[in-house]
Amino acid sequence: MEKITGRDSLNQILDGIMAGKAAGFDPIKINMVAMRGINDGEIDAMAEFCIEHGFILRLIEAMPMGATGQDTGFLDLGPIRTRLTQKFGLKPQAAELGGGPARYLSTEDGRASIGFITPMSQHFCATCNRVRLSVDGTLYLCLGQEEKFEFRPLLRDGASDAELEAAIRTAIELKPQKHEFREQPTKIVRFMSQTGG
């Protein structure tokens, strides 16, 4: 963890997660970007932890965000899905969770789920319903494209609700059909932390 985040705060993070559970937060979702050679040896342990505590684990394939052509540690989640399914007896989940890009499997008792977000090996662009609003009022319409819409000028100029609604509709029309991570891995120069998750 320290190698990835720059600090050794695992105990504080675990304490925070368990405090959330004790306070009644449900469901608790934990995201893990699966990276070859970095944390691929920890995926099974993370799955076991989430299953034990009834959490939702979302495994995410590494995307070339902010890359300059270097190896991003991409790890195809297909074989991992097969392994975890067999190891933990996972079944396809009956109901969709949140309408997002993850494809979920759940434990036999339904207490825990593991979602697989596969933008690289099995892209889901045709069904993507996600946009991201940054703290500076920029609406990013795709993680893998540059299309965006600036809301800050409208908000600072006192736009009415009707004007904001029209702007949102205009922005959504700009959403591209698909990302180009495979075709142009160095196209996006902003890092995920700049866009938000």
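Each reported figure results from applying straightforward, stated rules to the coordinates on display, with no laboratory input. Just so it is clear, the model here is predicted, and its values are computed rather than measured. For neighbour counting, all protein chains shown are included, and Cβ atoms are generated from backbone atoms with ideal geometry for every residue, glycine included.
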- For the stretch 2-122, how big is Rg over Rh, using alpha carbon atoms and the Kirkwood form of Rh? 0.97
- Message: Less than 26 Å apart at the alpha-carbon level, and either on another chain or at least 8 residues along: which lysines does that give for LYS175?
- Response: LYS148, LYS187
- Query: Stretch GLU48-ARG152 to full length: gain in nm at 0.36 nm per residue minus the Cα-Cα span?
  - Reply: 33.1 nm
- Note on the structure: With a ≥ b ≥ c from the Cα gyration tensor eigenvalues, square-rooted, and the rule rounded for a/c under 1.5, otherwise prolate when a/b > b/c and oblate otherwise, the stretch 1-68 is prolate
- Task: Search the structure for amide H atoms under 5 Å from the amide H of ARG36, placed 1.01 Å from N in the peptide plane, and list their residues when 5 or more places away or on another chain.
- Result: PHE74, LEU75
- Item | Nitroxide proxy distance, nm - points 7 Å out along Cα→Cβ at GLN86 and ASP15 | 4.1 nm
- Message: Skipping prolines and chain starts, which residues have an amide H placed within reach, meaning under 5 Å, of the one on ILE28, given they are 5 or more residues away or on another chain?
- Response: ILE56
- Query: Fully extended, how many nm does the chain gain between CYS125 and PHE25 (0.36 nm per residue separation, minus their Cα-Cα distance)?
  - Reply: 33.0 nm
